[in-house]
Amino acid sequence: MHVKLVRTWHWVVFEDLQKAYKLIASHPASGSLRYSFEVGLPGLRSLQLKRHPYLIFYIEQADHIDVWRVLHAKMDIPAWLQNPGS
């Protein structure tokens, strides 16, 4: 029996997230500090996926990287970061 792998939109986003995580791991300073200043969280960086409207928010620690959120770019990001329950 032949099994055909269907590359769904979710699978493509997953692959792009994996690529972004590898970039962040090898070059943590590559993310923007824009939201760090807007919400007052020192060191908070964001990186947008290349083909999708999602941002990865993370903070570099001494021995690892904390990924805080992956949010859609059309959200009210400063409000959501300051109050995740909103």
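Laboratory data are not the source of any read-out in this text; all were calculated from the coordinates shown. This one's a predicted model, so the numbers in the text were calculated from it and none came from an experiment. All Cβ positions, even for glycine, are placed from backbone atoms using ideal geometry, and neighbour counts span all protein chains on display.
So the values come out like this:
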| item | result |
| --- | --- |
| Pair-distance profile P(r), taking every C-alpha pair of the chain, with 5 angstrom steps and integer % | 3, 13, 23, 22, 16, 11, 5, 3, 2, 1, 1, 0 |
| Dipole axis of the chain (+1 Lys, Arg; -1 Asp, Glu on Cβ), positive-most option in 10, 23, 53 | 10 |
| Charge dipole (debye, nearest 20) of the chain; +1 at Cβ of Lys and Arg, -1 at Cβ of Asp and Glu | 460 debye |
| MRE, 222 nm, helices only [DSSP H, n ≥ 4, -39500 (n - 2.57), over the chain, to nearest 500] | -10000 deg cm²/dmol |
| Using alpha-carbon coordinates, inclination of helix 9-26 to the longest axis of the chain, degrees | 50 degrees |
